[in-house]
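What follows is a short report on a single structure.
The values are calculated or read from the model by the stated rules, or taken from the named source; none is laboratory data. This one's a predicted model, so the numbers in the text were calculated from it and none came from an experiment. Every residue, glycine as well, gets a Cβ built from its backbone with ideal geometry; the counts of neighbours run over all protein chains shown. Just the protein is used for accessible areas: all its heavy atoms, side chains included, with ligands, DNA and RNA removed. Shrake-Rupley method; radii C 1.70, N 1.55, O 1.52, S 1.80 Å.
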Amino acid sequence: MGRMLIQSGIDLNINFLVLDPDPQAPCHLIAPFTCGKLTDYQTVWDFGKDCDLITIEIENVNTQALADLEKAGKKVFPQPSIIELIQDKRKQKQFFKDHNIPTADFILVEGKSDVLEQASYLPAVNKLGREGYDGRGVQLLRSNQDLSKAFDAPGLLEKLIDFEKEIAVIVSRNEAGEIAAFPAVEMVFHPEANLVEYLFSPAQLHEETSKLAQKIAEDVIRSLSLVGLLAVEMFVTKDGQVLVNEVAPRPHNSGHQSIEANVTSQYEQHLRAILGLPLGDTTCSAPSAMVNLLGEEGHTGLAKYEGLEEVMKLSGVHVHLYGKKQTKPFRKMGHVTLIDADLETLKKKANFVKQTLKVKA
């Protein structure tokens, strides 16, 4: 995501510096690069002191260093206090509850023994409070037989929602308080890896549901007073409710298709927001689908892409490879955006890409 943010920033003649723990990170050849640990105070401080404006592409970063850089006069967006809140799903869920943001019922737990005592609360989802990412740190507990899977660390039990669709709305806010939301997208998750496999934009929703989802996303970013971009993941229940699942304070997997399919991409919008510029038009230019390119199961090593030529023969196809040299099962290696006015054709194209383009070693 940092790589795509830089690609968008080139149009605005922005100079970037990059900090990443991976010496072969996708950004390492396209901007001045520092390899270092994002959670180490001194590393983040030393990097940030030479910047005018600091932003993130992942929440797992040392927020104390960011807060001290903010106190030293640096602009840090999203604000460190908000990153710190969102880092902990317990605090995040409590924030929703305290600010009347609709979300699933939940209880806080300190460890496995607490979960065992709450067996009557099942079926539920056990989530780690901290450091869960890309499907990690989440366990589905349907019955007492699943209790052995519970995490022995602070977290929460969230009532299992009987939802019809999972959607996301990306919303932005600048320092002046201007807010703009992208149309909702519909997400399809991998059943094992618990991360987005592909999505369709705009989501196929009743107009009232679309408006409600947009309003909720705007309420969340307004309540946080966040400057930047916020991805709000939501459930649409079978009885028409819209409930917030989680949020991410940065460009997000659910907005990749906006590069080709919206008037303004999520990356340009993030830059507009943190630079204090007017926010862009979020209108969908055309219906689209996005397919994540995930490393194949059983393959770890130097990445090879099979089926690339067949996929690129399709009309309306846009392939984005992230430049990650090493693949492993379910690692995000790239994505493909597909554009087509016909929804059924779009679905057929998305399935063709999913079945044809493979990342192997």
**Asked** When residues of the stretch 210-264 are filtered for being polar (S, T, N, Q) and either in contact with a strand residue (DSSP E or B) (Cβ under 6 Å, 6 or more places away or on another chain) or under 17 Å from P78 (Cα atoms) (or both), how many remain?
**Response** 9
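Quick check on my filter: what residues within the stretch 248-264 are in a strand (DSSP E or B) and either open to solvent by 10 Å² or more (accessible area, probe 1.4 Å) or farther than 14 Å from I56 by Cβ (or both)? Spell out the reasoning first.
First, pick out the residues of the stretch 248-264 that are in a strand (DSSP E or B): 248, 262.
N262 - this is the single residue of the stretch 248-264 that is in a strand (DSSP E or B) and either open to solvent by 10 Å² or more (accessible area, probe 1.4 Å) or farther than 14 Å from I56 by Cβ (or both).
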**Prompt:** If we keep just the residues of the stretch 125-180 that are closer than 25 Å to T209 by Cβ and among the small types (G, A, S), which is surrounded by the fewest Cβ atoms within 10 Å (Cβ to Cβ)?
**Reply:** A180
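Condition first: touching a residue at least 12 places away in the same chain (Cβ under 8 Å) and either open to solvent by 60 Å² or more (accessible area, probe 1.4 Å) or touching a His at 6+ places or on another chain (Cβ under 9 Å) (or both). Now tell me which residues in the stretch 95-112 satisfy that. Spell out how you get there, then give the answer.
At the first step, the residues of the stretch 95-112 found to be touching a residue at least 12 places away in the same chain (Cβ under 8 Å) are 95-96, 99, 101-112.
H99, D105, L108, E110, K112 - these are the residues of the stretch 95-112 that are touching a residue at least 12 places away in the same chain (Cβ under 8 Å) and either open to solvent by 60 Å² or more (accessible area, probe 1.4 Å) or touching a His at 6+ places or on another chain (Cβ under 9 Å) (or both).
Which of the residues spanning the stretch 59-79 are part of a loop (DSSP other than H, G, I, E, B) and under 21 Å from the mean Cα position of the chain (by Cα)? Full working, then the answer.
Here is the first cut: in the stretch 59-79, the ones part of a loop (DSSP other than H, G, I, E, B) are 59-62, 72-74, 77-79.
Selection gives E59, N60, V61, N62, F77, P78, Q79.
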**Fill in**
Those residues of the stretch 245-268 that are modelled with pLDDT under 95 and aliphatic (A, V, I, L, M) come to a total of 0
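Any residue at all in the stretch 18-36 that's part of a helix (DSSP H, G or I), free of Cβ contacts under 8 Å to residues at least 12 places away in the same chain, open to solvent by 30 Å² or more (accessible area, probe 1.4 Å) and not charged (D, E, K, R)?
The initial filter retains those residues of the stretch 18-36 that are part of a helix (DSSP H, G or I), namely none.
No, because not a single residue in the stretch 18-36 is part of a helix (DSSP H, G or I), free of Cβ contacts under 8 Å to residues at least 12 places away in the same chain, open to solvent by 30 Å² or more (accessible area, probe 1.4 Å) and not charged (D, E, K, R).
Listed here are the residues, each with its yes/no results for (1) open to solvent by less than 30 Å² (accessible area, probe 1.4 Å); (2) under 16 Å from the mean Cα position of the chain (by Cα).
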| residue | (1), (2) |
| --- | --- |
| F235 | yes, yes |
| G240 | no, no |
| Q266 | yes, yes |
| Q269 | yes, yes |
| D281 | no, no |
| K304 | no, no |
| V311 | yes, no |
| H318 | no, no |
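Within the stretch 79-119, track down each residue that is β-branched (V, I, T) and either farther than 19 Å from R173 by Cα or in contact with a Phe, Trp or Tyr (Cβ under 9 Å, 6 or more places away or on another chain) (or both). Write out each step before concluding.
So in the stretch 79-119, the residues β-branched (V, I, T) come out as 82-83, 86, 101, 103, 107, 109, 115.
Those that are β-branched (V, I, T) and either farther than 19 Å from R173 by Cα or in contact with a Phe, Trp or Tyr (Cβ under 9 Å, 6 or more places away or on another chain) (or both): I86, I101, T103, I107, V109, V115.
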**Message:** Between I86, I56, I82, which is in contact with a Leu (Cβ under 9 Å, 6 or more places away or on another chain), of a type outside the set (S, T, Y), open to solvent by less than 30 Å² (accessible area, probe 1.4 Å) and outside any helix (DSSP H, G or I)?
**Reply:** I56
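Tell me, which residue of the stretch 193-233 that is part of a loop (DSSP other than H, G, I, E, B) and within 17 Å of L343 (Cβ to Cβ) is least open to solvent (accessible area, probe 1.4 Å)?
Here is the first cut: in the stretch 193-233, the ones part of a loop (DSSP other than H, G, I, E, B) are 193-195, 202-206, 225-227.
Within this subset, residues satisfying the condition of being within 17 Å of L343 (Cβ to Cβ) are 202-206.
Values: P202: 50, A203: 13, Q204: 99, L205: 41, H206: 139 Å².
My answer is A203.
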**Request:** Would you check which residues across the stretch 38-58 are free of Cβ contacts under 8 Å to residues at least 40 places away in the same chain and under 21 Å from the mean Cα position of the chain (by Cα) and list them?
**Result:** L38, T39, I54
**Asked** Are any residues in the stretch 114-155 farther than 12 Å from K89 by Cβ, small (G, A, S) and touching a residue at least 24 places away in the same chain (Cβ under 8 Å), and if so, which ones?
**Response** A119, A124, G135, A150
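Considering the stretch 16-32 alone, what residues qualify as being under 16 Å from T43 (Cα atoms) and within 20 Å of the chain's Cα centre (by Cα)?
The initial filter retains those residues of the stretch 16-32 that are under 16 Å from T43 (Cα atoms), namely 17-23, 32.
Hits for the stretch 16-32 are V18, L19, D20, P21, D22.
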